[in-house]
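The structure under discussion appears below in the form of structure tokens.
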Amino acid sequence: MTASTQTNQQIWTALRDCIFIIGTLLVVKSLLLEIEPLWSYAGPISLLFTLGIATWCLKQSNVSWSLNGNDEVISWKRLATLTVIALVVTIAVGILAQSLAVSFIGTPSEAIQAIDERFQGRFANLPGNFPVYLFWLITAWVIGGLTEEILFRKILFVRFEMLFSKIPATTFLAISAQAMLFGQQHYYYQGAAGWVATGVIGFISGLLYLVFKRNLWPLILSHGISNSIGLTLLYFGVTG
């Protein structure tokens, strides 16, 4: 098999995987949003289901996903340093991106704001309720920290790299594609401004993924910590 033939095969494989993965993510979430008892959990359920499909796609190509990247051995000190960097950068970028997005795009429509209030209503019984706090804390780490980072920054990013391998600016396109899809997942309750803001966070996270030599652990930990901070503030009634 020539190098050109192998590359073409990889492109078709990446296209197949992207269709399966993205299709599953969008369809499953859309269906769950129509089921009233599952509406609030459409995001987490669809992400877990999609991660299962993505893992199956990788197995068809005899590929396994590693979280360590190119830097196989990483010290705890270095991991802690990279995690803090990722945490500070993503929070700062998120705040700035949200502010700019609202300034240029405007606040969400009344319909979107109503959906957002309904979405945030999931946490209505969280303040001072430790069992509920613990449930959402575990969910935040499993879904936000692990599933989202593995799916968007690892699996889809690599698949987009393969898909765009014959196009100039391959890496930039791959980072942008996964970021756009990551932002889209927040559109249904945050509107266009939320799509843009979370998309920017996804783009920066993609860049950090490369800076960290494709080691996903700092992003997983920083994402989980960021979610934990938000939930903890809700638990103590600082925000709401």
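The values are calculated or read from the model by the stated rules, or taken from the named source; none is laboratory data. Because the structure is a prediction, the values reported are computed rather than measured. Heads up, the Cβs are rebuilt from the backbone with ideal geometry, glycines too, and the neighbour counts pull from every protein chain shown.
Here are a few things to note about the model shown:
- Residues in segment 155-178 that are touching a residue at least 24 places away in the same chain (Cβ under 8 Å), under 21 Å from residue 27 (Cβ atoms) and of a type outside the set (Lys, Arg): 155, 156, 160, 163, 178.
- Selection status of residue 28, surrounded by 14 or more Cβ atoms within 10 Å (Cβ to Cβ) and either of a type in the set (A, V, I, L, M) or modelled with pLDDT of 90 or more (or both): yes
- Of residues in segment 46-60 being among the β-branched types (Val, Ile, Thr) and at pLDDT 95 or above, the one farthest from residue 189 (Cα to Cα): 53
- So residue 50, is it among the polar types (S, T, N, Q), in a helix (DSSP H, G or I), out of contact with any Asp or Glu (no Cβ under 8 Å at 6 or more places or on another chain) and without any contact (Cβ under 8 Å) to a residue 12 or more places away in the chain: no
- One residue alone among 130, 203 is exposed (fewer than 15 other Cβ atoms within 10 Å of the Cβ) and either out of contact with any strand residue (DSSP E or B) (no Cβ under 9 Å at 6 or more places or on another chain) or of a type in the set (Val, Ile, Thr) (or both), and that residue is 130.
- Boolean, residue 198 is in contact with a helix residue (DSSP H, G or I) (Cβ under 6 Å, 6 or more places away or on another chain), hydroxyl-bearing (Ser, Thr, Tyr) and either surrounded by fewer than 20 Cβ atoms within 10 Å (Cβ to Cβ) or part of a loop (DSSP other than H, G, I, E, B) (or both): no
- Residue tally, condition of a type in the set (S, T, N, Q) and free of Cβ contacts under 8 Å to residues at least 40 places away in the same chain, over segment 179-197: 1
Table: residues versus (1) in contact with a Gly (Cβ under 7 Å, 6 or more places away or on another chain); (2) under 24 Å from residue 84 (Cα atoms).
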{"site": "183", "(1), (2)": "yes, yes"}
{"site": "186", "(1), (2)": "yes, no"}
{"site": "189", "(1), (2)": "no, no"}
{"site": "195", "(1), (2)": "yes, no"}
{"site": "214", "(1), (2)": "yes, yes"}
{"site": "217", "(1), (2)": "no, yes"}
{"site": "226", "(1), (2)": "no, yes"}
{"site": "239", "(1), (2)": "no, yes"}
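- Hits in segment 41-54 - residues which are surrounded by 17 or more Cβ atoms within 10 Å (Cβ to Cβ) and hydroxyl-bearing (Ser, Thr, Tyr): 46, 50
- Selection count where residues are at pLDDT 95 or above and either closer than 20 Å to residue 67 by Cβ or more than 12 Å from the chain's Cα centre (by Cα) (or both), scope segment 182-200: 1
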